Amino acid sequence: MRRKIRMGMVGGGPGSFIGAVHRIAANLDGQIELVCGCFSLSYDKSLETGKSLFLPKERIYRNYQEMIEKEAELPEGERMDFISVVTPNHVHFDPVYSALDHGFHVVLDKPMTFSLEEAWLLKEKVEETGLLFALTHTYTGYPMVKEARQRITRGDFGKIRRIYVEYPQGWLSQNVPEEQNKQAGWRVDPKRSGIAGCMGDIGTHAFNLAEYVTGLKTTELCAELNTFVEGRLLDDDGAAMLRYEGGAKGLLAASQVAAGEENSLFIRVYCENGGIEWHQQEPNTLIIKWNERPNEIVRTSQDFLSMAAKHNSRTPGGHPEGYIEAFANIYRNFALTLMCRLDESKPKEEYLDFPSINDGLRGMQFIQTVVASSASNDKWLKMIER
């Protein structure tokens, strides 16, 4: 493979936070180049963004349909290899399905779709086409999260008993007009966000992190969702008790009205003989806990770490590896896997470690089930299928 992987982007125009993050992350390792885009519903705004990124005018498109169709007509040596979709939830399904239908691989921001039914349809399409699909559940990209997963799944601590995962934020503690904060506006709008607010936005991150680190799937849950800000149409706070396969129990809490909090995601897992603790705001550190000996502090870039952690580390010890690097690990592993596919070679196991279509479907099942449980008098519900 003697060229960069070529990326097209849908969304990420003026006022977008996550679009710029995706572009920085994709560019961090020098394996991916942005070659085209439709960055906004407004062509003028799309042009503004595309020109600022030094794209030629003919590769800045009026809409995603035009972009996908025209890119598919280009010679193989020029057209994009994959599409990155960074729009609000209600504009996930159509561009992704169309991209897959035209033979393009996909990277998509989470949650995967607007509805569970759309998620099932995307899963079927990915399986039908055999194309690569990655979902940007960022926090699985941190080296110490990968180290925690390795230690737990290889049985260092014995059988898992209890999982605690929390994600408090405070940025939606008050009503924020959309003209002041575009990101706040669409997240509290059921027409664009879907059936869940806080639980769809960050609760899915907590849910995904717990299943990734432990390797266990949730079988049932009992939830309560709350809306504290007057007039808000979707939940801004919530909690759920979780039952996992194998008998482990969990507690998940997510809030966007935890005044004063930033992005205080953390997870604790307790097993028969020990456990782990990891905090997103101190990402280089993994705490290992034991019953009968002192706790251990494990740090990134140490020689004894697993291959999964080493492969996803970039900087010398003591230099923080943060959100952008974790995000970039998803793009890098996706790109390395795609390079192997183009070369017709076998990808290494660590290349395949990025969130998949199945993780996206699990997230949508979680959203559907947590909303149904909160609204039901029969609190314990099995994870909803279709």
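The values are calculated or read from the model by the stated rules, or taken from the named source; none is laboratory data. Please read all numbers here as calculations on a predicted model, not as lab measurements. Virtual Cβ from ideal backbone geometry, glycine too; neighbours counted across all protein chains shown.
Among the residues of segment 165-175, are any touching a strand residue (DSSP E or B) at 6+ places or on another chain (Cβ under 9 Å), over 17 Å from Asp236 (Cβ atoms) and at pLDDT 95 or above? The answer is yes, given that some residue of segment 165-175 is touching a strand residue (DSSP E or B) at 6+ places or on another chain (Cβ under 9 Å), over 17 Å from Asp236 (Cβ atoms) and at pLDDT 95 or above.
Trp278 falls short on exactly one of the conditions (1) surrounded by 22 or more Cβ atoms within 10 Å (Cβ to Cβ); (2) within 20 Å of Val21 (Cβ to Cβ); (3) touching a helix residue (DSSP H, G or I) at 6+ places or on another chain (Cβ under 7 Å), and that condition is (2). Consider segment 1-49. How many of its residues are touching a residue at least 40 places away in the same chain (Cβ under 8 Å), closer than 20 Å to Asn89 by Cα and part of a loop (DSSP other than H, G, I, E, B)? Final tally of qualifying residues: 5. Only one of (1) under 30 Å from Gly170 (Cα atoms); (2) out of contact with any Leu (no Cβ under 8 Å at 6 or more places or on another chain); (3) free of Cβ contacts under 8 Å to residues at least 40 places away in the same chain is not met by Pro316, so which one is it? Pro316 satisfies all of (1) under 30 Å from Gly170 (Cα atoms); (2) out of contact with any Leu (no Cβ under 8 Å at 6 or more places or on another chain); (3) free of Cβ contacts under 8 Å to residues at least 40 places away in the same chain except (1). For Leu108, state whether it is at pLDDT 95 or above, surrounded by fewer than 17 Cβ atoms within 10 Å (Cβ to Cβ) and closer than 22 Å to Asn358 by Cα. Judged against the criteria, Leu108 is not a match.
Here Lys182 clears all of (1) over 25 Å from Leu252 (Cα atoms); (2) in contact with a helix residue (DSSP H, G or I) (Cβ under 9 Å, 6 or more places away or on another chain); (3) of a type outside the set (Asp, Glu) except the condition numbered (2). From the list Gly318, Gly322, the one residue that fits, being of a type in the set (Gly, Ala, Ser) and under 16 Å from the mean Cα position of the chain (by Cα), is Gly322.
Scanning segment 18-63 for residues that are in contact with a Leu (Cβ under 9 Å, 6 or more places away or on another chain) and of a type in the set (Val, Ile, Thr) yields Val35, Thr49, Ile60.
Note on segment 345-367: among residues that are aromatic (Phe, Trp, Tyr) and part of a helix (DSSP H, G or I), the one that is nearest to the chain's Cα centre (by Cα) is Phe366.
For segment 249-264, the set of residues classified as touching an Asp or Glu at 6+ places or on another chain (Cβ under 7 Å) and of a type in the set (A, V, I, L, M, F, W, C) consists of Ala253, Val257, listed by residue number.
Write out, first by first residue and then by second, each pair whose Cβ atoms fall under 8 Å of each other, whose residues are 6+ apart or on separate chains, and whose first residue, in segment 187-208, is within 18 Å of Ile18 (Cα to Cα) while the second is of a type in the set (Asp, Glu) and part of a helix (DSSP H, G or I). From segment 187-208, the pairs are Arg187/Asp201; Ser193/Asp201. Every listed requirement among (1) under 17 Å from Ile68 (Cα atoms); (2) part of a strand (DSSP E or B) is met by Leu131 save one, (2).
The selection criterion, being assigned to a loop (DSSP other than H, G, I, E, B) and under 21 Å from Phe157 (Cα atoms), holds for Glu292.
Remark: Met80 matches the filter, which requires a residue to be in contact with a Gly (Cβ under 6 Å, 6 or more places away or on another chain) and either at positive phi or among the hydrophobic types (A, V, I, L, M, F, W, C) (or both). Considering segment 321-344, and only residues there that are part of a loop (DSSP other than H, G, I, E, B) and in contact (Cβ under 8 Å) with a residue 12 or more places away in the chain, the residue that is surrounded by the fewest Cβ atoms within 10 Å (Cβ to Cβ) turns out to be Gly322.
For segment 225-251, which residues satisfy the criterion of being of a type in the set (Asp, Glu) and exposed (fewer than 15 other Cβ atoms within 10 Å of the Cβ)? Listed by number, the residues that qualify are Glu230, Glu245.
Residues checked against (1) in contact (Cβ under 8 Å) with a residue 60 or more places away in the chain; (2) surrounded by 23 or more Cβ atoms within 10 Å (Cβ to Cβ):
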position	(1), (2)
Ser52	no, no
Val86	yes, yes
Phe93	no, no
Val96	no, yes
Ser115	yes, no
Trp120	yes, no
Lys123	yes, no
Gly130	no, no
Tyr142	yes, yes
